Amino acid sequence: MQLVTGGGHAATDIGATVSGMEIDAPVAGRALVVVVDDRTAHGGEDSLGPLVTELLTEAGFLVDASVSVEADEVAIRNALNTAVIGGVDIVISVGGTGMSPRDVTPEATAEVLDRDLPGISEALRASGRVAGSLDAGLSRGLAGISGSTLVVNLPGTRAAVRDGMATLGPLASRVIGELSGLLE
């Protein structure tokens with residue numbers, strides 16, 4: 001497993017300095033990214049973790065880390081459980097949602113979820129198909145709740161990640177708001 005921290009900020013460290021001024025930015029929640037890829041897990045270049053981190057940060061999330069794991073059910077499940085136990089609001093896994101024998105992210109995720117949110121998975125697949133992403137349309141990815149954490153699987157391509165994150169943004173905000181009691 002390879003870990004890349006998101007700057008080591010504590011959940012309450014939401015200030016930023018711009019030209020000597022302190023600015024407090026609202027935080028949509030804490031997030032963790034899990035990249036499911038054998039090469040990346042063994043030290044290869046990770047192009048998806050930084051992309052998801054950037055998109056989450058743009059959406060107002062504080063990203064605790066990006067973790068790379070092998071395409072192995074136990075490794076994936078452990079990474080997802082660690083995120084849930086760590087109290088993040090959302091954990092997004094990228095990769096391992098296809099049809100090859102090594103694509104086991106949905107199976108590992110199913111074991112972690114307390115409740116499914118099939119509407120999110122369906123929305124991600126539908127928007128991916130409309131955007132022309134075959135990978136998104138064929139994804140077996142799941143979405144659901146584990147404890148008070150939203151867990152979402154995205155396909156492992158840049159196009160599917162970009163489209164998926166655009167679709168997921170408002171849905172994630174709603175789910176996180178309801179889970180935290182801010183929305184009723």
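The values are calculated or read from the model by the stated rules, or taken from the named source; none is laboratory data. Quick caveat, the model's predicted, so the values are computed rather than measured. Every residue, glycine as well, gets a Cβ built from its backbone with ideal geometry; the counts of neighbours run over all protein chains shown.
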Might you check whether a residue that is within 12 Å of VAL36 (Cα to Cα) and touching a residue at least 60 places away in the same chain (Cβ under 8 Å) occurs anywhere in the range 108-122? no
Inside the range 134-163, can you point out the residues that are touching a strand residue (DSSP E or B) at 6+ places or on another chain (Cβ under 9 Å), at pLDDT 95 or above and small (Gly, Ala, Ser)? GLY141, ALA143, GLY144, SER146
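Here is a check on your reading of the model: is LEU62 at pLDDT 95 or above, over 11 Å from the mean Cα position of the chain (by Cα), assigned to a strand (DSSP E or B) and surrounded by fewer than 23 Cβ atoms within 10 Å (Cβ to Cβ)?
Yes; evaluated as a whole, the condition is true for this residue.
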For GLU54, only one of the following conditions fails: (1) in contact (Cβ under 8 Å) with a residue 12 or more places away in the chain; (2) under 23 Å from VAL27 (Cβ atoms); (3) not β-branched (Val, Ile, Thr). What is its number? (1)
